[in-house]
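Only one structure is covered here, and it is reproduced in the block below.
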Amino acid sequence: MIFITGINSFVGQVLEKSLIKKKIKYLGIDLNINNNHNKKILDIRDKKLVNIIPENSTIIHLAAISTDKDCKNNKILAFDVNVNGTINLLESATIKKAKKIIFASTEWVYGNKTKKKENKESDEIILNNIDSVYALTKIIGEKILLNYSTLFKLIILRFGIIYGPRKKNWSAFEAILNSCINSSNVEIISKKTSRRYIHVQDIVDGILLSIKYSSSGTFNLTGEEDLTLENLIKKSSKLLKKKITILEKSSNNFSIRKPSNFLAKNLLKWKPKKNLNQGLIELKNFFCS
């Protein structure tokens with residue numbers, strides 16, 4: 001049995017569809033769902049959680065305050081949900097003898113500094129480089145998780161910047177394409193800011209492979225291509241057959257993150273299937289439908 005926290009999240013919804021397609025039994029919890037035999041309304045901080053988790057299950061922990069803006073705006077809530085909620089889940093999982101915990105972390109743990117080298121899972125996480133409340137909660141979550149390493153298998157998945165067809169909580173990928181659709185002028189901070197964006201279905205495929213993986217480990221699930229905001233706008237302009245003027249506010253205020261997905265490809269046998277051009281076409285059709 002698969003137990004999912006945050007099943008109504010963007011990743012959770014896509015994961016649920018994949019589990020249904022593969023006829024894999026699951027139970028999920030979230031705050032904004034309708035109760036049925038597969039989904040229950042429950043907060044991960046609730047002590048009743050232990051009564052919901054199936055015995056000997058594989059737990060996929062997606063529930064979190066998951067945007068940096070929301071974490072900054074309510075730091076107490078962010079740490080309560082992301083840290084105390086994770087502890088409550090782990091304590092409950094211990095009682096219910098869970099087989100494996102798959103924890104949704106983030107590439108934000110590598111910091112927001114400009115780097116030319118790739119970020120690897122073995123890199124030391126330097127807290128002085130972290131200016132994100134969200135990232136801090138995930139770093140603490142990772143460290144807490146490791147205290148339970150003798151009790152069950154642990155998989156930490158550091159998600160890249162996720163994009164896909166959704167109506168809110170956009171990454172820069174969706175936000176910029178939407179801006180290009182609706183305006184001929186797009187304002188950004190720096191053209192040089194670069195990320196390895198990853199489609200939500202590729203993230204879900206990585207989660208599914210993690211369920212089958214027989215060991216513990218930490219893996220970056222990120223895209224293959226370093227995409228600057230300038231090139232993202234150029235790709236959007238070409239797709240839309242529309243001239244876009246870039247309004248750059250601070251050209252030297254840029255950041256680059258380059259998480260390596262080598263380990264995931266070699267150990268999980270995972271590889272991103274959707275390239276950025278395919279992703280842009282899918283999003284354009286979604287936004288314009």
If we count every other residue with Cβ under 13 angstrom of residue 202's Cβ, Lys/Arg +1 and Asp/Glu -1, where does the sum land?
+1
The stretch 37-119 - Rg (one decimal) and Dmax (whole number), Cα, Å
15.3, 49
Given a cut-off of 14 Å, what percent of all Cα-Cα pairs of the stretch 233-279 lie beyond it?
72
Tail fraction, Cα-Cα pairs, the stretch 153-247, threshold 17 Å, whole percent:
56
Considering only Cα-Cα distances, which of the following residue pairs are longer than 19 Å: 25/96; 97/269; 17/69; 21/96; 40/212; 25/273?
97/269; 17/69; 21/96; 40/212; 25/273
Give, rounded to the nearest 20 debye, the magnitude of the charge dipole that the stretch 83-173 has about its Cα centre when Lys and Arg contribute +1 at Cβ and Asp and Glu contribute -1 at Cβ.
380
Other residues with Cβ under 14 Å from the Cβ of residue 12 give, with Lys and Arg +1 and Asp and Glu -1, a net charge of +2
So how do 6-15, 232-241 stack up, highest first, on mean other-Cβ count within 10 Å?
6-15, 232-241
What's the Kirkwood radius of the stretch 130-289 in Å, using all Cα pairs?
17.2
GNM, the chain, Cα, under 10 Å: largest mean-square fluctuation among 88, 119, 34?
34
Holding the Cα-Cα limit at 23 Å, pick out from 138/258; 138/249; 72/138 the pairs that are longer than that.
138/249
Could you list the GluC sites (Glu not before Pro) in the stretch 119-149 that lie in coil according to DSSP, counting only those with at most 12 other Cβ atoms within 10 Å of their Cβ?
124
Relative contact order in percent for the stretch 153-241 (Cα pairs under 8 Å, 6+ apart) equals 46
For the chain, build the convex hull from the C-alpha positions and give me its volume per residue in Å³.
133
What residues qualify as long-range amide H neighbours of residue 39, i.e. H under 5 Å apart, gap of 5 or more or another chain, H built at 1.01 Å from N?
28
Given the rule -39500 (n - 2.57) for each run of at least 4 DSSP H residues, summed and divided by the residues of the chain, what is its mean residue ellipticity at 222 nm, to the nearest 500 deg cm²/dmol?
-10500 deg cm²/dmol
For the stretch 122-152 and the stretch 157-191, what is the separation of their C-alpha centers, rounded to whole Å?
27
The residues 50, 109, sorted from fewest to most surrounding Cβ atoms within 10 Å, come out as 50, 109
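Coordinate-derived values only; no laboratory data. No experiment lies behind these values; they were computed from the predicted model shown. No Cβ is skipped: glycine too gets one built from the backbone with ideal geometry, and neighbour counts run over all protein chains shown.
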